[in-house]
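A short worksheet on the structure shown next.
The values are calculated or read from the model by the stated rules, or taken from the named source; none is laboratory data. Worth saying up front: this structure is predicted, and the values here are computed from it rather than measured. Note: ideal-geometry Cβ built from the backbone for every residue, glycine included; neighbour counts use all protein chains shown. When the accessible area is computed, the model is the full protein with side chains, heavy atoms only, and any ligands, DNA or RNA have been set aside. Shrake-Rupley method; radii C 1.70, N 1.55, O 1.52, S 1.80 Å.
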Amino acid sequence: VQLQASGGGLVQAGGSLRLACAASGGALGTGGWFRQAPGKERKFVSAIRWNIGNTDYADSVKGRFTISRDRAKNTLYLQMNSLKPEDTGVYYCAGTYRAFITSYTPNEADFGFWGQGTLVTVSS
């Protein structure tokens, strides 16, 4: 499966951005978003089970970010609202054939497919 992320950019604090990740070459079981702040490790942001739509969020983005997917378009989205400077980083979409049980929050090692990353910069 190939993943192509898009939608990053520069936005002021309090603003919104929508990231998209187009998947080709196969059907995903779970899609996710991770981000890597400058000088820091890549961290989990959100995940969604492709068929049933159950979602997980990092505590830092709950209530502000919304993950979704369009099964017909085989595309993953991340709607980011009320952005903060600490949301700055490279955002990576990720995918796996596995559909995790809803009580399990997947981590980086669970995903085998990765997009190229898109930069989000939030200015204060």
With the charge dipole of the chain built from beta-carbon charges (+1 for Lys and Arg, -1 for Asp and Glu) about the Cα centre, the Cα from Ala13, Gly53, Leu3 projecting farthest to the positive end belongs to Gly53
With +1 at each Lys and Arg Cβ and -1 at each Asp and Glu Cβ, the charge dipole magnitude of segment 49-104 around its Cα centre, to the nearest 20 debye, comes out at 240
For Lys40, the aspartates and glutamates lying under 15 Å Cα to Cα, once residues fewer than eight places off in the same chain are dropped, come out as Glu86, Asp87, Glu108
Relative contact order in percent for the chain (Cα pairs under 8 Å, 6+ apart) equals 37
Packing-ranked peptide list from 43-53, 3-13, highest mean Cβ count within 10 angstrom first, is 43-53, 3-13
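Probe of 1.4 angstrom, ligands and nucleic acids ignored: what's the accessible area per residue over the chain, in square angstrom?
Numbers: 6170 Å² over 124 residues.
Averaged over the residues of the chain, the accessible area is 50 Å².
First measure r as the distance between the Cβ atoms of Arg64 and Val1, then evaluate 1/(1 + (r/R0)^6) with R0 = 30 Å and state the FRET efficiency to the nearest 0.05. Intermediate values should be presented prior to the final figure.
Values: r = 28 Å, r/R0 = 0.93.
Plugging the Cβ-Cβ distance into 1/(1 + (r/R0)^6) gives 0.60.
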With all protein chains present, the chain has a carbon and sulfur share of its accessible area (1.4 Å probe) in percent of 48
Phi angles of segment 109-116, converted by Karplus (6.51 cos²θ - 1.76 cosθ + 1.60, θ = phi - 60°) into ³J(HN,Hα) in whole Hz with x for Gly and Pro, give 5, 7, 9, x, 10, 9, x, 7
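Could you size up the charge dipole of the chain around its Cα centre, putting +1 on the beta carbon of Lys and Arg and -1 on that of Asp and Glu, and report it in debye to the nearest 20? Can you show the working numbers first?
Details: 13 positive and 8 negative charges, 40 e Å.
Around 200 debye, computed over the chain.
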